[in-house]
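The values are calculated or read from the model by the stated rules, or taken from the named source; none is laboratory data. Because the structure is predicted, anything quoted here is derived from the model rather than measured. Because the Cβ atoms are built from the backbone with ideal geometry, glycine has one as well, and the counts that use them run over all protein chains shown. In case anyone asks, the SASA skips ligands and DNA or RNA and just uses the protein heavy atoms, side chains included. Shrake-Rupley method; radii C 1.70, N 1.55, O 1.52, S 1.80 Å.
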Amino acid sequence: MESAELTAEVVGVKFAAPDGDFAVLVGVTDEGEEAVLVGPLAHVREGERVRAAGEWRSHPKHGRQLEVRRAAVLEPASEPALLAVLEQVKGVGRRGAAWLLDRHGTDVLAVVDRDPRAALGEVPGIGRARIGPAVRSWEDQAALRRVRLLLAEHGVEAAAAGRIVRAWGPRSVERLREDPYAATALPGVGFATADALARSLGTPPDAPGRLRAGVLHALALAEDDGHCHLPRAELEARAARLLGADASDVIDELAARGEVVVEDDRVAAAGLHAVERRLAGHVQRLLSGSPALKLRRPPERPTTGAFVPTDAQWGAVEQALAHRLSILTGGPGTGKSATMRALVDAVRSRGRTARLCAPTGKAARRLTELTGAPASTIHRLLEWVPGEGPARDASAPIEGCDVLIVDEASMLSVRLAEALLAAVGPRTHVLLVGDVDQLAPVGPGRVLGDLIASGSVPATRLEEVFRQAARSLIVQAAHAINAGHEPPLRHPDPDGERDFFVIEREGAAALVDEAVSLAVERLPGHLDVDPAAGIQVLAPMHRGPAGIDALNERLRARLNPEGPPLPGTSLRVHDKVLQTVNDHEREVMNGEVGVLVSADNERERTLLRLTDGRTVALPFSALGSLRPAYAASVHKLQGSSSPAVVVVLARAHRHMLTRNLLYTATTRAERLCVLLAEPGALAAALPRVDAAQRHTTLARQVATS
């Protein structure tokens with residue numbers, strides 16, 4: 001994309017998002033040329049002049065646009081610009097704006113700023129009932145205008161301004177000047193934004209406030225990488241790279257302030273440290289508790305019928321009945337689902353209740369299909385209240401549950417695991433089920449692996465691959481990959497299923513061309529599935545010529561070229577999309593996939609049909625957390641599955657190519673899997689194991705209890 005900076009007078013507002021950030025503007029530059037500006041510009045009104053910097057891009061439907069990164073509204077001076085500002089105030093409107101401008105002239109904004117209640121109270125039609133909302137409206141708009149001007153003046157991207165004003169209100173500018181780094185606590189405002197502003201305001205590189213913020217940010221980045229703490233030396237090195245200054249002394253200062261915890265050579269953010277300790281306490285409580293299931297007679301082991309459990313499988317059932325907490329793990333085809341079903345049947349045969357849950361809606365639905373027992377998401381089980389957290393906890397534990405089965409437990413972060421186990425009552429047994437060799441969870445920790453590593457939690461590992469599952473070359477390939485071996489390309493059994501392929505192509509362009517051909521044309525016809533719903537392309541990285549972003553662009557151009565655009569976003573109706581954060585209010589969780597089936601521009605909402613069968617109404621303002629999902633990362637979809645999976649492996653992805661990623665990607669396929677790789681990429685992934693590379697203390701805490 002071509003970088004550019006221009007000054008333009010806004011002659012039209014095509015769209016302004018209801019959340020106050022994104023807008024599409026039409027402007028006329030100083031050279032007299034028309035320009036379409038898109039980005040965080042919802043504060044800009046028709047008639048105003050704006051100085052904008054960004055990159056030109058070519059939109060397939062809307063043509064050439066400037067994607068704005070930084071924008072500064074030049075102080076409105078013309079009558080149209082002043083009227084545009086005044087008209088936006090609640091209760092003022094067009095007539096009131098004209099009256100104010102006529103009364104106070106071009107100094108009108110300064111006059112209203114000095115005493116909004118007095119100035120607005122004079123406007124005809126604004127009486128006592130309307131003056132309060134009018135003043136608050138003025139103050140909010142003035143605060144947003146001042147924050148954007150402040151950020152733009154110091155070269156900071158404008159997107160953060162709306163978030164800051166929504167959190168801090170009219171005193172935003174004052175608070176930013178007093179402590180720019182306080183903004184790092186706000187969602188969507190990173191350290192780089194706060195640091196750029198602070199440095200522009202004259203904050204020296206070794207200022208204590210800057211060093212403290214840098215250390216905390218380094219810990220936050222470590223949490224994003226899955227760590228619950230960092231060794232002190234590593235934290236000092238990370239902070240020094242981030243800050244360009246030595247921050248070692250402020251670690252002890254932060255510990256004295258209660259913001260971090262230092263134990264031996266480990267440093268953790270205080271909040272995350274407390275979560276991990278509480279989780280260890282919940283585990284210890286369950287391990288030390290006597291069995292709560294007092295069955296008059298033990299359930300009988302099935303010896304006939306559709307499923308006759310092996311010794312290991314029945315041992316896992318008996319273990320779950322005998323212990324308050326136990327684990328069942330194993331690779332694909334080893335019978336974890338059948339074992340869960342046997343446990344459910346055993347519990348029900350003795351008049352007791354079992355409840356099942358999983359981290360995502362898709363996993364919960366598949367769990368129901370495999371076990372025949374109703375399952376829900378963990379968040380729904382905990383009755384999560386948006387903005388507050390789970391309604392179920394130690395004081396109000398999960399009801400009606402003698403045995404709780406948690407599937408896809410490899411996806412449990414310490415935060416989700418702590419919330420779940422906190423809500424386990426004194427009469428409930430818990431069985432965690434998952435494949436410990438899958439990728440570690442997106443959030444911090446590696447709960448399933450750590451509990452197994454502690455040696456304190458009763459655990460069963462299923463290793464025998466059942467005959468029917470062994471007919472699948474996907475299963476054979478997954479086990480080979482997990483052992484670090486090249487996956488087989490031919491099944492040893494002549495009657496085996498040929499459902500796994502490796503295709504090599506040289507160069508990123510050839511990889512993308514082949515991925516598009518497979519996903520759009522060849523595989524949908526071969527499997528008789530919809531190309532968007534039935535085929536999932538996976539890749540390790542977003543950027544690069546064979547990354548997720550490039551794949552999404554090419555795939556959407558083929559699968560949804562004419563979808564009506566959704567205002568304020570880059571999405572279109574009929575797009576396949578991925579949720580990137582937990583939306584507890586609408587129960588759409590991070591990693592869930594769906595299709596935007598329709599849009600209602602008047603009501604400013606769209607309908608999202610999820611793969612678990614639900615249809616959810618989303619306001620346009622909630623679409624910012626959705627991303628195109630024709631291609632997605634393996635991490636994001638580790639709890640999901642698809643009839644066919646195409647995994648793109650480029651040599652440029654080499655630092656992300658690991659055995660765990662490849663194994664997880666392969667096991668996402670239900671009917672067919674294609675590894676599409678550059679020569680050498682597959683061989684580079686097989687020796688590298690990454691799942692254990694996380695700094696946690698859960699295993700140690702549980703083992704020493």
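Observations on the model:
- Taken about its Cα centre, the stretch 1-125 carries a charge dipole of about 420 debye when Lys and Arg each add +1 at the Cβ and Asp and Glu each add -1 at the Cβ.
- Amide proton proximity set for ARG266, modelled H, under 5 Å, gap of 5+: ARG232
- Point-charge dipole on Cβ atoms (K/R +1, D/E -1) for the stretch 555-705, about Cα centre, debye to 20: 580 debye
- Where trypsin sites (Lys or Arg not before Pro) fall in DSSP loop in the stretch 239-328, at most 12 other Cβ within 10 Å: ARG257, LYS294, ARG296
- The GluC sites (Glu not before Pro) of the stretch 341-429 that DSSP puts in a loop, and whose beta carbon has at most 14 other beta carbons within 10 Å, are GLU383, GLU388, GLU399.
- Here the gap between HIS526 and ARG171, fully extended at 0.36 nm per residue and compared with their Cα-Cα distance, gives a gain of 121.7 nm.
- Simple Cβ-charge dipole of the chain, Lys/Arg +1 and Asp/Glu -1, about Cα centre, in debye nearest 20: 1940 debye
- Rolling a 1.4 Å probe over the heavy atoms of the protein chains gives the chain an accessible area of 44 Å² per residue.
- Helix axis angle, 473-482 relative to the chain longest principal axis, alpha carbon, degrees: 80 degrees
- Degrees between helix 311-322 axis and first principal axis of the chain (Cα, 0 to 90, nearest 10): 60 degrees
- On Cα atoms only, tilt of 270-288 relative to the major axis of the chain in degrees: 20 degrees
- Column: log10 I(q)/I(0), Debye, Cα scatterers of the chain, q = 0.05, 0.08 Å⁻¹: -0.30, -0.74
- D (Stokes-Einstein, µm²/s), Kirkwood Cα radius, the stretch 77-149, 0.890 mPa s at 25 °C: 205 µm²/s
- A cut-off of 5 Å between modelled amide H atoms, ignoring neighbours fewer than 5 places along the same chain, links VAL502 with LEU675.
- Pairs of Lys residues in the chain are counted when their Cα atoms are under 17 angstrom apart and they lie 8 or more places apart or on different chains; the count is 4.
- The stretch 362-417 and the stretch 192-261 have their alpha-carbon centroids 36 Å apart.
- Share antiparallel - DSSP beta bridges, the chain, percent rounded to 5: 60 percent
- Heavy-atom accessible surface of the stretch 319-374: percent carbon and sulfur, 1.4 Å: 48 percent
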